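Undergrad: Sharing a structure, written as structure tokens. Questions coming.
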Amino acid sequence: MDDFFHSLGLAISLLWHHDPTLIEVVLRSLGVSALACVLACVLGLALGAGLGVRRPKGEALWVAILNTLLALPSVLVGLVVYLLLSRQGPLGFLGWLFSLKAMVLAQTLLVLPVVVALSRQCIKAAHDRLGEQLQSIGLTQGWRALVLVWDERQVLLTVVLTAFGRAISEVGAVMVVGGNIEGFTRVMTTSIALETSKGDLPMALALGMVLLGVVLLLNALIGLLHWRQQRMDSRFAGPAQPLSSFAANAWHGP
């Protein structure tokens, strides 16, 4: 018990004095995860919106695949990216293995199914409510998808925050493809694992506290967005579903 409180005190001291090594690892972790989240969301929101509006053939199969990929182990993603980027792999010429680029790629692939699945579900529900009204004013499938993405932007923002939380808290993929190289590819999760194995518990605790704070902030933001959405829904509740505000105010013809 004394060791725990001693390590906790040292960890708080590291945070209070802005330890350079700790700050470096935190900033690198935030940068890698943020870039991976942006890439995954740009592609994932487009795919999710398209699947939510178009209803492709074999939709049940696509949904089953997406749901399976949601539980994809991060170490498996890391292994696949490692094989792709290794010297003998098809992308070995890039020279990305054991670099930040490889870590961004691995986290992007890990987060992408989350964004696609959640955004598809959101856009599908919105299209079930508003699809006929949007079709009645002559909108194509592409425009309907764009309108619904804008109309559901607050809900989709929670998808983005969820994706970032998934990226920043994973450890397996980035350790496999990044190598956990000190001063180069070491991020919060891999540093916690390494410092714990080395016995440097204060540094591991300090990084864990920062990581916990980031996740707590993300959850608070998601809760705030849900609260705002509920207030908006209650304000505009009525016997008929309202037409998309984006379509009603900004669209003047097909």
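Undergrad: Identify, please: which residue in the range 68-97 is under 19 Å from Ala167 (Cβ atoms) and either part of a loop (DSSP other than H, G, I, E, B) or among the acidic types (Asp, Glu) (or both) and is, among those, farthest from the chain's Cα centre (by Cα)?
TA: Checking each candidate, the answer is Trp96.
Undergrad: Here's something else I'd like to know. Check the range 115-129 and report whether any residue there is part of a helix (DSSP H, G or I), over 22 Å from Val38 (Cβ atoms) and of a type in the set (Gly, Ala, Ser).
TA: Yes, that holds for at least one residue.
Undergrad: May I pose another question? Among the numbered criteria (1) under 27 Å from Asp151 (Cα atoms); (2) free of Cβ contacts under 8 Å to residues at least 24 places away in the same chain; (3) part of a helix (DSSP H, G or I); (4) out of contact with any Leu (no Cβ under 7 Å at 6 or more places or on another chain), which single criterion is violated by Pro56?
TA: In the conditions (1) under 27 Å from Asp151 (Cα atoms); (2) free of Cβ contacts under 8 Å to residues at least 24 places away in the same chain; (3) part of a helix (DSSP H, G or I); (4) out of contact with any Leu (no Cβ under 7 Å at 6 or more places or on another chain), Pro56 misses (3) alone.
Undergrad: Among the numbered conditions (1) of a type in the set (A, V, I, L, M); (2) more than 16 Å from Val38 (Cβ to Cβ); (3) within 16 Å of the chain's Cα centre (by Cα), tell me where Val176 comes up short.
TA: (3)
Undergrad: Which condition number does Val210 fail, the rest of (1) assigned to a helix (DSSP H, G or I); (2) under 24 Å from Leu118 (Cα atoms) being met?
TA: For Val210, the exception is condition (2).
Undergrad: Is it the case, given these coordinates, that Cys37 is more than 25 Å from Phe184 (Cα to Cα) and of a type outside the set (S, T, N, Q)?
TA: Considered against the rule, which asks whether it is more than 25 Å from Phe184 (Cα to Cα) and of a type outside the set (S, T, N, Q), Cys37 comes out as no.
Undergrad: Also, I was wondering about something else. Tell me, yes or no, whether the range 33-42 has at least one residue that is closer than 15 Å to Leu207 by Cβ and surrounded by 15 or more Cβ atoms within 10 Å (Cβ to Cβ).
TA: Checking the range 33-42: at least one residue is closer than 15 Å to Leu207 by Cβ and surrounded by 15 or more Cβ atoms within 10 Å (Cβ to Cβ).
Undergrad: Further, regarding this structure: Pick out the one residue from Ala206, Ala220 that is of a type in the set (Gly, Ala, Ser) and within 19 Å of the chain's Cα centre (by Cα).
TA: Only one candidate passes the filter, namely Ala220.
Undergrad: Let me ask something else about it. Across the range 158-207, what is the total count of residues that are at negative phi and outside any helix (DSSP H, G or I)?
TA: Of the residues in that region, 10 qualify.
Undergrad: Identify, from the list Leu8, Leu61, the residue that is on the phi < 0 side of the Ramachandran plot, outside any loop (DSSP other than H, G, I, E, B), exposed (fewer than 12 other Cβ atoms within 10 Å of the Cβ) and at pLDDT below 90.
TA: Matching residue, one of Leu8, Leu61: Leu61.
Undergrad: Quick check on the range 42-53. Is at least one of its residues at pLDDT below 90 and assigned to a loop (DSSP other than H, G, I, E, B)?
TA: No, that holds for no residue.
Undergrad: Hey, another quick one. Could you check the range 144-183 and list, in sequence order, the residues that are touching a Phe, Trp or Tyr at 6+ places or on another chain (Cβ under 8 Å) and under 30 Å from Ala126 (Cα atoms)?
TA: Val147, Trp150, Asp151
Undergrad: Next up: How many of the residues in the range 148-194 are under 30 Å from Arg231 (Cβ atoms), of a type in the set (D, E, K, R) and touching a residue at least 60 places away in the same chain (Cβ under 8 Å)?
TA: Selection size over the range 148-194: 1.
The values are calculated or read from the model by the stated rules, or taken from the named source; none is laboratory data. This is a predicted model, so every value here is computed, not measured. Reconstructed Cβ throughout: ideal geometry from the backbone, glycine too, with neighbour counts over all protein chains shown.
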